[in-house]
Amino acid sequence: MHDVKHMAMDTKCIHAGIQENEFGAVIPPIYQTSTFKFKDVDHGARLFKGEEDGYIYTRMRNPTIEAMEDSVAALEGGVKGLGCGSGMAAVSTLFMAVLKSGDHVVCSESVYGPTLTLLTTILCNFGIEVTSVDSSNIAAVQAAMKPNTKLVHIETPGNPTLIMSDIQEIADIAHKAGAKVSVDNTFMSPVYQRPFELGADYIIHSMTKFLNGHADVVAGIIVLKNIEEYPHFRRILNHFGGTIDPFNSFLVHRGIKTLKLRIDKATENSMKIAQFLENHPKIEWVMYPGLPSHPQYELSAKQMHGYGAMIACELKGGLEAGKNLLNNIKLWQLAVSLGGVESLIQHPASMTHAGMGKELREQAKITDGLLRISVGIEDVDDLIKTFEDALSYC
Ligand SMILES: *Cc1c(COP(=O)(O)O)cnc(C)c1O
């Protein structure tokens with residue numbers, strides 16, 4: 001097995017998690033099995049006691065899943081990954097592993113809608129307290145900390161506003177208060193942002209997005225940087241049961257091989273599209289980390305290695321004009337999700353962030369007319385031309 005830990009991202013995408021196997025298969029085999037046969041009763045007993053290394057049952061461990069977990073852990077510079085059945089399974093398992101009744105969590109207000117909904121409408125019933133803050137404002141994060149704060153959960157750039165948060169400064173505040181920091185790194189992928197290098201303790205991804213990249217899998221992962229925490233997290237995942245299955249793991253691992261190529265091309269496209277939008281008379285504003293007009297443009301240079309493929313914008317005609325755009329646009333598909341090879345566009349206030357309610361949306365600066373764009377890897381002139389055509393309906 002080659003150790004790719006210290007090699008470049010391009011190399012890691014191809015080789016991380018790939019191990020020697022019985023027949024010399026270049027690609028890790030798909031062990032599509034729920035269970036593994038013991039040699040005899042004593043062998044089974046030794047495995048259950050942890051006295052011997054081996055596989056028992058796929059919810060607990062599976063070699064195809066492990067290969068993918070090792071790959072993502074290597075990309076993030078972590079030590080272990082825990083593959084989950086969805087990004088939300090990763091979020092909920094993380095919260096269950098870190099928090100208990102009586103604890104308090106500080107969460108960015110500009111996060112994936114269901115993450116905040118999970119905290120404010122479900123985990124509150126288990127005695128977990130939450131404060132949502134504008135995490136781009138360091139003073140607000142500091143002010144939200146309480147003696148029982150155990151976790152600060154942030155997403156940067158935030159969903160769907162593209163507002164950024166300073167991971168390093170937030171990690172300093174949290175650590176001084178004895179709390180941990182988790183970063184949802186879905187929007188950037190490890191190619192463009194590596195939160196462990198900036199002090200984060202946990203990383204989660206919806207692998208449904210850039211890591212898999214082909215809009216054909218729902219999956220998630222938690223990445224750890226501290227090996228001592230691994231048995232606890234694995235136990236929580238095993239008991240909540242939000243495990244990924246081997247075939248989806250295989251697909252994600254396959255998608256990761258082209259992650260760098262895909263996100264580089266999508267980012268190149270995004271820059272041109274963001275510039276096009278910024279100069280279009282019907283566009284009120286554009287938020288893209290790569291535009292100097294982004295209020296935190298400098299922060300993107302400090303903590304990111306690329307600007308990514310997500311853009312937020314609003315038309316001058318607000319929601320009505322936005323509807324006309326979405327109902328008339330060709331090539332771009334009106335769909336939620338992001339990070340795939342195809343370009344998608346959606347309306348967060350009526351779709352992904354509807355469940356948050358208007359008050360929390362307003363607090364998080366998710367205006368009713370905001371459109372969220374996930375740029376794919378199609379020809380950029382085709383993408384701009386079709387956008388321009390649709391704008392003529394607005
Ligand atoms: C999609 C998404 C999630 C949830 O992931 P699922 O795979 O849909 O469960 C979490 N965080 C972010 C930033 C996302 O975009």
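The values are calculated or read from the model by the stated rules, or taken from the named source; none is laboratory data. These figures come from a predicted structure and were not determined experimentally. Counting neighbours? That spans all protein chains shown, and the Cβs are built from the backbone with ideal geometry, glycine included. Protein only, heavy atoms only, side chains kept; ligands, DNA and RNA dropped before computing areas. Shrake-Rupley method; radii C 1.70, N 1.55, O 1.52, S 1.80 Å.
What the table below lists for this structure:
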read-out: 222 nm mean residue ellipticity, helices alone, for the chain (DSSP H n ≥ 4; -39,500 (n - 2.57); rounded to 500); value: -11000 deg cm²/dmol
read-out: Using alpha-carbon coordinates, inclination of helix 259-278 to the longest axis of the chain, degrees; value: 20
read-out: Selected from Thr115, Ile311, Val252, residue furthest toward positive end of dipole (the chain; charges at beta carbon); value: Thr115
read-out: Whether region 179-233 is rounded, prolate or oblate, judged on the alpha carbon gyration tensor where a/c under 1.5 counts as rounded; value: oblate
read-out: Long-range HN-HN contacts of Lys180 with modeled amide H, under 5 Å; value: Leu151, Val152
read-out: Within region 197-226: backbone nitrogen closer than 20 Å to the Ile27 label point (7 Å, Cα to C-beta); value: 207-220
read-out: GNM flexibility winner over the chain from Leu47, Leu331, Leu99 (Cα, springs under 10 Å); value: Leu47
read-out: Region 58-101 versus region 114-135: alpha-carbon centroid distance in Å; value: 21
read-out: Net length gained if the chain between Tyr57 and Met351 were fully extended (0.36 nm per residue, minus Cα distance); value: 102.1 nm
read-out: Spatially near lysine pairs across region 275-350, Cα under 25 Å, sequence gap of 8 or more or different chains; value: 4
read-out: For Ala219, distant residues with modelled amide H under 5 Å away; value: Gly87, Met207, Thr208
read-out: Phi to ³J(HN,Hα) by Karplus 6.51 cos²θ - 1.76 cosθ + 1.60 over region 172-179, Hz, x for Gly, Pro; value: 4, 4, 5, 5, 4, 8, x, 10
read-out: Paramagnetic reach from Asn238 (point 7 Å along Cα→Cβ, amide N under 20 Å) across region 64-81; value: 64-70, 79-81
read-out: Set Lys5/Lys225; Lys80/Lys209; Lys100/Lys209 screened for pairs whose C-alpha atoms are more than 23 Å apart; value: Lys100/Lys209
read-out: Relative contact order (%) - criterion: Cα under 8 Å, at least six apart; region: the chain; value: 17
read-out: Cα gyration tensor shape of region 260-391, rounded if a/c is under 1.5, else prolate or oblate by comparing a/b with b/c; value: rounded
read-out: Distance between region 38-57 and region 206-241 - C-alpha centres, whole angstrom; value: 24
read-out: Prolate/oblate/rounded label for region 1-98 (Cα gyration tensor, a/c 1.5); value: oblate
read-out: Solvent-accessible area per residue, Å², over the chain with all protein chains present [probe radius 1.4 Å]; value: 42
read-out: Highest-first arrangement of 345-356, 198-209, where packing means the average Cβ count within 10 Å; value: 198-209, 345-356
read-out: Distance in nm between pseudo-label sites at Ala177 and Glu320 (7 Å out along the Cβ direction from Cα); value: 4.4
read-out: 3J(HN,Hα) from dihedral phi, region 133-143, Karplus parametrisation 6.51/-1.76/1.60, rounded to Hz, x for glycine, proline; value: 10, 7, 6, 6, 9, 4, 4, 5, 5, 4, 5
read-out: 3J(HN,Hα) from dihedral phi, region 58-68, Karplus parametrisation 6.51/-1.76/1.60, rounded to Hz, x for glycine, proline; value: 5, 4, 8, 5, 7, x, 5, 5, 4, 4, 5
read-out: Two-decimal log10 I(q)/I(0) for the chain, as the Debye equation yields it once each C-alpha is a single scatterer, q = 0.08, 0.09, 0.10, 0.11 Å⁻¹; value: -0.42, -0.53, -0.65, -0.78
read-out: Sulfur and carbon atoms: percent of accessible area, region 9-256 [1.4 Å]; value: 55
